[in-house]
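Contents: one structure, followed by commentary.
The values are calculated or read from the model by the stated rules, or taken from the named source; none is laboratory data. Given the structure is predicted, the values throughout are model-derived calculations rather than measurements. As a convention, Cβ positions derive from the backbone with ideal geometry for all residues, glycine included, and neighbour counts pool all protein chains shown.
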């Protein structure tokens with residue numbers, strides 16, 4: 001028997017200065033009765049185990065005799081708990097439903113609740129060490145009428161609940177807050193919205209965001225892992241990539257909202273058009289919008305806000321489109337109540353990012369059985385189709401044996417991509433490279449106008465197929481347009497076409513189309529077959545949609561995934577996938593292949609776990625051995641046999657006193673040239689920076705820098721590609737491609753040099769110091785108004801005139817008695833000099849501080865850093881704490897390496 005009602009609003013008699021009836025949200029299931037502050041709030045005020053309930057019946061307490069009040073008596077409660085309903089029939093429904101669940105419990109009495117508002121202490125069960133997953137001190141960000149800031153609290157985590165205590169001595173009493181894990185939407189690392197805390201993360205719920213901070217990064221990662229496992233138990237990708245995302249900046253969360261998975265969080269500032277009377281007085285309002293776990297639109301005043309100002313459920317979203325009223329920056333969210341929520345993004349790129357991300361999230365709620373018209377009852381008959389009966393089916397075994405030739409087009413200039421095209425000479429174009437795989441013979445045909453980097457990608461592809469799929473036995477034949485007289489090649493393509501010269505207009509049109517394709521990229525969708533061998537428990541889920549290559553972790557060993565690449569569809573079969581999943585995967589792929597509006601040529605192929613083909617791996621971002629080709633010099637091997645070296649005792653003192661390697665000045669000893677252009681890598685493209693930003697780099701990005709200098713009565717060029725330590729793998733690879741691209745545009749006399757953050761060579765430093773070299777944290781944002789309002793801390797470290805400021809987390813732990821620090825605040829600039837800092841570091845710090853139009857305050861460690869004028873410095877750092885050398889034990893300084 002099922003209960004008549006399982007959730008709804010009731011009133012509870014509340015304690016406090018004014019005792020009154022307050023609205024609460026009541027939920028019941030086979031195990032517990034829960035009471036929450038509001039419907040979507042995670043704050044639980046009462047939890048009673050069903051098997052502890054002794055009696056539930058109508059009550060006449062508080063002189064209420066209209067039949068609207070019922071009471072619950074339980075072994076876990078010191079006194080009966082009363083609930084007031086809107087009507088007497090509703091009250092009877094609650095009583096019958098609770099009685100039904102109590103009778104279904106294994107036994108009545110025994111267990112105590114997780115937490116009861118009226119009880120004197122937390123249930124002993126929650127204090128059982130076997131049930132406590134984690135506990136410890138964290139800081140919690142609170143907004144109040146008088147004070148906004150961080151307070152220290154003790155947290156205790158169980159499987160279903162997060163308890164918040166004032167300190168670790170009060171664990172046996174009522175907690176300050178009881179947060180129910182099932183009511184939480186997602187957990188993620190915070191961005192730089194809390195500059196005075198280095199390691200922050202946030203819990204996102206429908207009614208509030210809980211900002212937390214730990215002292216150590218390891219503690220933050222541990223809390224994130226535990227909470228993620230509880231909130232997203234079915235998302236192994238999120239758990240696996242968690243540690244990486246906490247170390248690096250959120251750039252691929254970012255990945256423009258194109259990453260899949262239920263834990264994705266897309267956020268940023270938007271303007272939202274108000275409705276009704278409010279809209280007449282104030283048409284637009286600025287919000288910080290967070291789309292949490294692809295489930296809810298949550299609107300906040302700013303990134304530090306803790307209260308949800310507005311909420312829209314993703315399940316109510318019907319469509320997401322560009323706004324016809326505001327075509328430049330606007331987008332619309334249509335909901336099933338026929339409302340149109342109009343937004344404006346900060347830039348066109350942001351607008352496109354929002355639309356793509358929101359469309360993907362909306363698509364996750366589609367019933368693909370109905371959408372693709374798949375009948376589970378007739379699945380077996382639909383799956384009884386031979387591979388030879390499928391249009392354009394490609395069997396990797398047949399390709400390897402030479403019985404199924406495949407023509408692959410290598411295209412792009414910035415986004416190098418591979419695409420299977422029809423096996424015909426008509427597919428060949430002047431601007432692309434083509435690879436014809438005939439088994440033991442692999443042909444590469446290069447168009448006369450194909451970029452050099454595309455040719456390099458073609459060589460890379462043919463070499464991988466030859467070595468990894470053919471055991472190095474296949475023959476590679478290179479053909480250039482105009483020098484391609486190979487009868488077997490043209491026979492495989494159905495004959496050589498008549499010579500035809502491509503006009504300049506047609507060539508320009510080809511290049512224009514290629515530029516458009518580069519910007520758009522190839523859309524990739526991944527569908528996962530989830531569930532068991534029964535139709536009732538099986539679901540088709542869209543887990544990724546976007547133009548960026550997805551990570552291979554989306555492919556799970558116990559499922560079947562359909563990778564839809566527009567012109568190619570792959571059925572990936574996990575090694576533990578069930579027979580039903582395999583049949584359903586084939587049917588889904590066939591339905592997608594025949595979808596209305598698709599190209600007539602769509603290939604279908606089946607690949608297996610641990611036996612993926614090179615062409616399949618090319619669709620992903622991180623398959624081993626599939627990283628982008630690198631541009632750089634490599635030392636030639638003198639011998640294939642490693643030579644042994646004489647072992648010597650390690651002299652630590654000699655290591656510190658050894659002279660640095662002699663710098664390479666690339667025939668430019670006086671550094672007499674200048675920077676011509678600087679580009680920032682954005683995904684698979686580049687964006688030029690204005691001249692006033694020359695010399696400024698961001699550790700979350702990669703940059704391409706062109707330096708030109710006079711050499712022997714002519715000009716020579718150096719193309720540096722600088723890679724920030726937190727730049728994404730894709731951006732680092734793209735910076736190498738872009739360096740080749742830029743070098744091709746410049747022409748002759750070009751050298752390409754890769755530079756890694758913190759390992760810059762002397763010539764690069766001398767060039768950048770001419771432009772006041774500085775490295776910022778995070779990623780570069782165009783016209784970031786808040787960047788000037790947030791305090792920033794910079795470290796100046798070095799032993800010569802090449803010292804440059806590097807931004808570090810805003811914390812006193814970053815200070816060192818060996819170096820100088822600069823704190824740039826909105827109203828003041830502070831310079832803090834450690835006791836053992838040198839003149840180069842002190843001069844660099846003062847130069848940076850005085851570059852701002854604010855008063856500069858200088859503090860010397862142990863002397864003037866304790867004055868009244870310097871109090872603001874310590875306040876911004878969160879208080880005066882311990883740092884390297886704070887106790888005076890460091891007395892000497894070694895050369896900075």
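In the set (1) closer than 23 Å to residue 569 by Cβ; (2) outside the structural domain of residue 388 (by TED's automatic domain parsing), the condition left unmet by residue 417 is number (2). For beta carbons closer than 8 Å, sequence separation of 6+ or different chains, a first residue in the range 756-768 that is farther than 22 Å from residue 709 by Cβ and not assigned by TED's automatic domain parsing to the domain that holds residue 799 and a second that is surrounded by fewer than 16 Cβ atoms within 10 Å (Cβ to Cβ) and at pLDDT below 90, the qualifying pairs are 756/725; 757/725; 758/725.
Inside the range 705-752, residues that are over 19 Å from residue 456 (Cα atoms) and part of a helix (DSSP H, G or I) make up a count of 1.
The single condition from (1) surrounded by fewer than 22 Cβ atoms within 10 Å (Cβ to Cβ); (2) in contact with a helix residue (DSSP H, G or I) (Cβ under 7 Å, 6 or more places away or on another chain) that residue 766 fails is (2).
Okay, residues lined up against (1) at pLDDT below 90; (2) on the phi < 0 side of the Ramachandran plot; (3) surrounded by fewer than 16 Cβ atoms within 10 Å (Cβ to Cβ):
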{"residue": "670", "(1), (2), (3)": "yes, yes, yes"}
{"residue": "682", "(1), (2), (3)": "yes, yes, no"}
{"residue": "689", "(1), (2), (3)": "no, yes, no"}
{"residue": "695", "(1), (2), (3)": "no, no, no"}
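Name the residue that is surrounded by the fewest Cβ atoms within 10 Å (Cβ to Cβ), counting only residues in the range 41-74 that are at pLDDT 90 or above, touching a helix residue (DSSP H, G or I) at 6+ places or on another chain (Cβ under 6 Å) and under 19 Å from residue 23 (Cβ atoms). Within the range 41-74, the match that is surrounded by the fewest Cβ atoms within 10 Å (Cβ to Cβ) is 68. Screening the candidates 594, 610 for the property of being out of contact with any strand residue (DSSP E or B) (no Cβ under 9 Å at 6 or more places or on another chain), loosely packed, with under 13 Cβ neighbours inside 10 Å and modelled with pLDDT of 90 or more yields one hit, 594. Taken over the range 871-896, residues that are within 19 Å of residue 796 (Cα to Cα) and part of a helix (DSSP H, G or I) amount to 3. Among the residues of the range 485-495, those that are touching a helix residue (DSSP H, G or I) at 6+ places or on another chain (Cβ under 8 Å) and within 17 Å of residue 433 (Cα to Cα) comprise 490, 493. Among the residues of the range 320-331, some residue qualifies, meaning at least one is touching a residue at least 40 places away in the same chain (Cβ under 8 Å) and closer than 23 Å to residue 541 by Cα.
State whether the residues of the range 11-25 include one that is touching a helix residue (DSSP H, G or I) at 6+ places or on another chain (Cβ under 9 Å) and crowded, with 19+ Cβ neighbours inside 10 Å. No, there is no match, as no residue in the range 11-25 is touching a helix residue (DSSP H, G or I) at 6+ places or on another chain (Cβ under 9 Å) and crowded, with 19+ Cβ neighbours inside 10 Å.
The rows are residues; the columns are (1) without any contact (Cβ under 8 Å) to a residue 12 or more places away in the chain; (2) in contact with a helix residue (DSSP H, G or I) (Cβ under 7 Å, 6 or more places away or on another chain).
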| residue | (1), (2) |
| --- | --- |
| 339 | no, no |
| 342 | no, no |
| 347 | no, no |
| 357 | no, yes |
| 370 | yes, no |
| 374 | no, yes |
| 392 | no, no |
| 407 | no, yes |
| 426 | no, no |
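Evaluating residue 393 against the criteria (1) farther than 28 Å from residue 421 by Cα; (2) in contact with a strand residue (DSSP E or B) (Cβ under 9 Å, 6 or more places away or on another chain) leaves one unmet condition, (1).
Is the range 444-453 home to any residue that is outside the structural domain of residue 576 (by TED's automatic domain parsing), over 22 Å from residue 685 (Cα atoms) and not in a loop (DSSP other than H, G, I, E, B)? No, the range 444-453 contains no residue that is outside the structural domain of residue 576 (by TED's automatic domain parsing), over 22 Å from residue 685 (Cα atoms) and not in a loop (DSSP other than H, G, I, E, B).
Could you check, for the range 772-793, whether at least one of its residues is modelled with pLDDT of 90 or more, in a loop (DSSP other than H, G, I, E, B), surrounded by 15 or more Cβ atoms within 10 Å (Cβ to Cβ) and in contact with a helix residue (DSSP H, G or I) (Cβ under 9 Å, 6 or more places away or on another chain)? Within the range 772-793, one or more residues are modelled with pLDDT of 90 or more, in a loop (DSSP other than H, G, I, E, B), surrounded by 15 or more Cβ atoms within 10 Å (Cβ to Cβ) and in contact with a helix residue (DSSP H, G or I) (Cβ under 9 Å, 6 or more places away or on another chain).
Out of the residues in the range 550-570 that are closer than 19 Å to residue 420 by Cβ and surrounded by fewer than 21 Cβ atoms within 10 Å (Cβ to Cβ), state the one that is modelled with the highest pLDDT.
Step by step, filter the range 550-570, then rank; the result is 567.
Taken over the range 553-572, the residue count meeting the criterion of being without any contact (Cβ under 8 Å) to a residue 60 or more places away in the chain and part of a strand (DSSP E or B) is 9.
State yes or no: is residue 511 out of contact with any helix residue (DSSP H, G or I) (no Cβ under 8 Å at 6 or more places or on another chain), at pLDDT below 80 and assigned to a loop (DSSP other than H, G, I, E, B)? Steps first, answer last, please.
Details: out of contact with any helix residue (DSSP H, G or I) (no Cβ under 8 Å at 6 or more places or on another chain): yes; at pLDDT below 80: yes; assigned to a loop (DSSP other than H, G, I, E, B): no.
Answer is no for this residue.
Just a yes or no: is a residue in the range 190-200 in a strand (DSSP E or B), modelled with pLDDT of 90 or more and out of contact with any helix residue (DSSP H, G or I) (no Cβ under 8 Å at 6 or more places or on another chain)?
Just the residues of the range 190-200 that are in a strand (DSSP E or B), to begin with: 199-200.
In the following step, the residues that additionally are modelled with pLDDT of 90 or more were identified as 200.
So of that shortlist, the ones also out of contact with any helix residue (DSSP H, G or I) (no Cβ under 8 Å at 6 or more places or on another chain) come out as none.
No, every residue in the range 190-200 fails to be in a strand (DSSP E or B), modelled with pLDDT of 90 or more and out of contact with any helix residue (DSSP H, G or I) (no Cβ under 8 Å at 6 or more places or on another chain).
Suppose we filter 383, 345 for residues that are surrounded by fewer than 17 Cβ atoms within 10 Å (Cβ to Cβ) and farther than 18 Å from residue 293 by Cα; which single one remains?
On the way: 345 fails: surrounded by fewer than 17 Cβ atoms within 10 Å (Cβ to Cβ).
Only one candidate passes the filter, namely 383.
Go over the candidates 831, 835, 822 one by one and state the one that is without any contact (Cβ under 8 Å) to a residue 60 or more places away in the chain, more than 28 Å from residue 671 (Cβ to Cβ) and not in a helix (DSSP H, G or I). Walk me through how you get there before you give the answer.
Details: 831 fails: more than 28 Å from residue 671 (Cβ to Cβ); 822 fails: more than 28 Å from residue 671 (Cβ to Cβ).
Answer to the check: 835.
Screening 131, 179, 224, 162 for residues that are touching a helix residue (DSSP H, G or I) at 6+ places or on another chain (Cβ under 8 Å) and either in contact (Cβ under 8 Å) with a residue 60 or more places away in the chain or assigned to a strand (DSSP E or B) (or both) leaves exactly one candidate, 162.
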